[in-house]
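First up is the structure itself, then whatever we jot down about it.
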Amino acid sequence: MFITQPQKQIPVRQKTQVLVVGGGPAGVGAALAASRMGAQTVLLEKRGFLGGNVTACYVETCNYFMRGTPFSPQGIAREIEDGYDREYPSDDLRPGAPHRFHSEYLKVYLDDLLAREGVDVKLHAFVNDVILRDNRIDAVIIQTKQGAQAIQADLVIDCTGDGDVAFAAGIPFEQGRDTDHACQPGTVSLRLAGADAGLLLSGGDGLRECSQRFHEEYRSGQTGLPCYRQDLPYGRLTRAGIISYVNYSCAYGIDPTDIDDLSRGERECRHYNLDIYRYMKANYPGFSRTEIASMSPEIGFRDSRRIQGLYRLTIEDMEAQKHFEDCIAVYPRFYDMLTPDPGMLQAGDGNVAGRGYQGHIYEPVQGNRYFEVPYRSLIPVNLDNLLVAGRCISAGHVAESGVRAISLCVMTGQAAGTAASLCLRDSVPPVCVPVSELQALLMASGFLSLTKGGSDR
Ligand SMILES: Cc1cc2nc3c(=O)[nH]c(=O)nc-3n(C[C@H](O)[C@H](O)[C@H](O)COP(=O)(O)OP(=O)(O)OC[C@H]3O[C@@H](n4cnc5c(N)ncnc54)[C@H](O)[C@@H]3O)c2cc1C
């Protein structure tokens, strides 16, 4: 059933050169890069804070998989980590911890950083429509408390994670795996207070031991918990007894763009969180005095729409370490794909050959194996002033389980923001950007050599 909306006039709130939609890792990277290149830049974010999944789902331990590898985040991603650490030294007591954010401090850090760098940030600005003219997005429509408003821009960068702008513009997309479009499960993360840090750290990393123990208990069928999740990753443990991030609850069969599914996912995950909280409190040393400090404000997703671009990055490309002449990011080969199938967790072979359909794919970084991301995967088909960055770029389902890494999302964002400013300078669409100049700019900002190819990188 459809209803026809009468034509109505929408006030134009603002015009800008570059409009970034979504203030997660990709959006922050894109907005900073565009602004630094001199473009007037507006960033729209539907929530009341920046940071995307890092702040909204407590994913604070982003780069744990790089520990002990030759890799580190590059460019703006690196700058943010270093700058954040200077202002907010880590309060994490866990031994050998890789870099960790405190998501509440990160919100403030990002507010200040983007303001300092001249990005005009508008929070509570939900984008759900565009107006198209001559193969271009003429205006992006935001929903606000004051009604719909339009923002016009020369260049738009979709960093919504769900590809909402591209979707509104009618760009074809894929979602989930090919066979049934099922996505990875959604998660509401948990934060605990009152943990006994002394006890938990008395013989090493007690939280790590709890994770291992839980894995075994789950596999032997001892837990009796209804959530199909066998892993129990933790974030920071602080002197104040805070465990900043318990990544446990998983709701399966959720379409991240459907409000009925989202409502079910939020409700299910909240219950799973209560279950695991009670389980830990009853069974694990150091948890007996804990209470739930908070649950993350919104269910978080690891994958959603993936926009059809000029090049679709595949897992075969990544595994073959394929070199692209238009490479804009080099990243360690690390895949983490929670199976979309509930109850299949024990059946997987745990590596990429399983394609994620038989179980959890989890491949740690090995040696200096890497993959490249081509610029064309950031350029959606059929439009002349849109770029995408972050987890919704053009990639296959399993490929996305590597593409979604937070620091890589900042990097693809930085590449898109830099490309957008070159489009403005030369008055050309994204497809005509001088790629060697784009690469040179990215390399100057700290990206690894992007142009060499080969396995000696
Ligand atoms: C539980 C969980 C654990 C994870 N663990 C890790 C990990 O350990 N390491 C790692 O590297 N990655 C991890 N990930 C993946 C990672 O968080 C994401 O892939 C990454 O955050 C994607 O960045 P992004 O900027 O593309 O999208 P997001 O982080 O999703 O940010 C998108 C932003 O756009 C905003 N937005 C969305 N739609 C609109 C709209 N229509 N209008 C305006 N604004 C909009 C959102 O509010 C959000 O701020 C995890 C994800 C989850 C859910």
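The values are calculated or read from the model by the stated rules, or taken from the named source; none is laboratory data. Here the structure is a predicted model, which is why all the values come from computation and not from measurement. Every residue, glycine among them, receives a Cβ derived from its backbone with ideal geometry; neighbour counts consider all protein chains shown.
Here is how the numbers come out for the structure above:
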read-out	value
Among the residues listed as Gly38, Gly83, the single one being free of Cβ contacts under 8 Å to residues at least 40 places away in the same chain, surrounded by fewer than 24 Cβ atoms within 10 Å (Cβ to Cβ), away from the ligand (no atom under 12 Å from the Cβ) and not assigned by TED's automatic domain parsing to the domain that holds Ile242	Gly83
Selection status of Leu274, in a helix (DSSP H, G or I), farther than 30 Å from Asp91 by Cα and not charged (D, E, K, R)	no
Test result for Phe65, within 11 Å of the ligand (Cβ to nearest atom) and under 30 Å from Gly204 (Cβ atoms)	yes
Subset of the range 171-189 (residues that are more than 24 Å from Val130 (Cβ to Cβ), at pLDDT 95 or above, touching a helix residue (DSSP H, G or I) at 6+ places or on another chain (Cβ under 7 Å) and not small (Gly, Ala, Ser))	Thr187, Val188
Residues being more than 15 Å from the ligand (Cβ to nearest atom) and aliphatic (A, V, I, L, M) - total across the range 8-33	3
Test: residue in the range 91-102 that is without any contact (Cβ under 8 Å) to a residue 40 or more places away in the chain, under 26 Å from Arg36 (Cβ atoms) and surrounded by 20 or more Cβ atoms within 10 Å (Cβ to Cβ)	yes
Qualifying residue in the range 5-23 (condition: under 19 Å from Tyr84 (Cα atoms) and surrounded by 24 or more Cβ atoms within 10 Å (Cβ to Cβ))	yes
Any hit, the range 86-99, residues being closer than 30 Å to Asp154 by Cβ and among the hydroxyl-bearing types (Ser, Thr, Tyr)	no
Of all residues making up the range 86-105, the number that are within 14 Å of the ligand (Cβ to nearest atom) and more than 22 Å from Ser445 (Cα to Cα)	5
Strands (runs of 3 or more DSSP E) contained entirely in the range 359-457, each with at least 3 residues that are at pLDDT below 95	361-363
Lone unmet requirement of (1) more than 22 Å from the chain's Cα centre (by Cα); (2) more than 20 Å from His360 (Cβ to Cβ); (3) modelled with pLDDT of 95 or more for Cys210	(2)
Selection from the range 47-60 of residues that are over 21 Å from Ala420 (Cβ atoms), assigned to a loop (DSSP other than H, G, I, E, B), near the ligand (Cβ under 6 Å from one of its atoms) and not aliphatic (A, V, I, L, M)	Arg47, Cys57
Segments classed as strands (runs of 3 or more DSSP E), wholly inside the range 140-238, with at least 1 members that are more than 16 Å from the ligand (Cβ to nearest atom) and in contact (Cβ under 8 Å) with a residue 60 or more places away in the chain	147-158, 190-193
Single residue of the range 297-318 satisfying the filter (surrounded by fewer than 24 Cβ atoms within 10 Å (Cβ to Cβ) and acidic (Asp, Glu)) that is nearest to the ligand (Cβ to nearest atom)	Glu298
Considering residues of the range 69-125 that are among the aliphatic types (A, V, I, L, M) and closer than 21 Å to Ile243 by Cβ only, the residue farthest from the chain's Cα centre (by Cα)	Leu93
Condition broken by Leu123, with the remaining ones in (1) surrounded by fewer than 16 Cβ atoms within 10 Å (Cβ to Cβ); (2) within 12 Å of the ligand (Cβ to nearest atom); (3) on the phi > 0 side of the Ramachandran plot satisfied	(3)
